[in-house]
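Working notes, structure below.
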Amino acid sequence: MAYLRLAFLAAVIAPSLALAQPASPPSRQAIDGFVDAFASPTHATGKLARWEKGICPIMSGQQSKISAFVTQHLVAVAGAVGAPVNTEKTCTANIDIVFTTTPQALLDDTRERSPDYIGYAPGGSELRRLATVTHPIQAWYMTETRDLRGVGHIDTGRDRGDRDQAAAGKATGTRLNNGMRSAFFHILIVVDPSKLEGQEVVPLSDYIAMLALAQPVSQDACLDPPSILNMLAAGCASKPAHVTESDMAYLRGLYSMNADRIMLSSQKNDIANQMVQSLGAR
């Protein structure tokens with residue numbers, strides 16, 4: 001089993017939130033570009049998903065000290081940006097972080113046994129495409145649509161009958177908000193340590209936290225202002241070693257936006273406005 005370096009972890013008692021600072025405040029145009037590059041809408045509502053249930057992460061495939069650090073760090077980031085956290089000691093895991101040197105075999109098995117964990121897929125070919133491992137750290141998002149009463153329905157392209165296929169029916173019907181919102185139900189994050197030789201645990205934990213709290217459009221874009229996701233993207237001039245101020249501002253915006261907005265553009269604008277306030281944009 002391949003393990004990560006513990007040089008930094010040995011001196012750490014509790015997770016810390018060291019932030020990579022921007023060289024100067026970004027422009028509103030740059031912030032809008034960051035939001036566009038990061039915000040991925042769901043198929044069911046065309047809106048952005050976020051956690052509405054408290055997160056309960058679990059990690060396997062690494063030493064217990066590393067697993068504890070990574071999951072505690074994720075909880076710390078969630079708390080700092082206003083994402084809900086399940087504080088029960090016996091909570092049911094809804095974020096599975098798996099370290100394995102055979103990630104494709106794991107995804108193939110997941111696709112066969114629990115295809116909804118792969119994400120929304122209207123057919124078998126799309127499901128196989130989604131279940132293809134393309135990055136050393138990669139996430140798969142199972143989402144749900146929640147109605148005005150808070151009742152959720154899993155987003156799936158498979159025929160599961162009226163109960164799961166029916167759209168969440170209680171909506172407000174107003175011009176700006178309709179009471180329908182998207183939420184994460186389960187996130188699977190798979191890490192191949194054989195492709196991350198020499199990687200320190202702190203930046204890795206930051207990277208995992210971003211994938212666990214938001215659903216980026218791509219892991220290959222070089223975001224500007226910089227993001228921790230630049231760390232593993234090819235050709236980026238800036239590769240932060242920590243979660244950045246822009247990352248945290250985006251997450252704060254995501255978890256404070258009006259999730260009932262009808263238009264995706266309105267949700268993005270809510271996030272961008274929050275980022276402007278947080279970053280002092282020009």
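Structural remarks
- Reported count of residues in segment 263-278, each being surrounded by fewer than 20 Cβ atoms within 10 Å (Cβ to Cβ) and aliphatic (A, V, I, L, M), is 3.
- Pairs where the first residue, in segment 86-113, is in contact (Cβ under 8 Å) with a residue 12 or more places away in the chain and within 16 Å of L130 (Cβ to Cβ) and the second is surrounded by 15 or more Cβ atoms within 10 Å (Cβ to Cβ) and among the aromatic types (F, W, Y), C-beta under 9 Å, 6+ apart: L107/W140; T110/Y117; T110/W140; R111/Y117
- For K239, the conditions (1) in contact with a helix residue (DSSP H, G or I) (Cβ under 7 Å, 6 or more places away or on another chain); (2) in a loop (DSSP other than H, G, I, E, B); (3) within 19 Å of L213 (Cβ to Cβ) are fulfilled apart from (3).
- Condition met for G179 (more than 22 Å from I55 (Cβ to Cβ), among the small types (G, A, S) and either modelled with pLDDT of 95 or more or surrounded by 17 or more Cβ atoms within 10 Å (Cβ to Cβ) (or both)): yes
- Scanning segment 55-97 for residues that are surrounded by fewer than 17 Cβ atoms within 10 Å (Cβ to Cβ) and under 25 Å from S266 (Cα atoms) yields G79, A80, G82, P84.
- Checking each residue in segment 138-158 for being touching a Lys or Arg at 6+ places or on another chain (Cβ under 9 Å) and closer than 17 Å to Q215 by Cα picks out T145, I154.
- Being of a type in the set (F, W, Y), within 17 Å of P26 (Cβ to Cβ) and modelled with pLDDT of 95 or more is true of Y250.
- Filter result for R128 (part of a loop (DSSP other than H, G, I, E, B) and either at pLDDT 85 or above or over 19 Å from A212 (Cβ atoms) (or both)): no
The values are calculated or read from the model by the stated rules, or taken from the named source; none is laboratory data. What you see is a predicted model; the values in this text were computed from it and never measured. Note: ideal-geometry Cβ built from the backbone for every residue, glycine included; neighbour counts use all protein chains shown.
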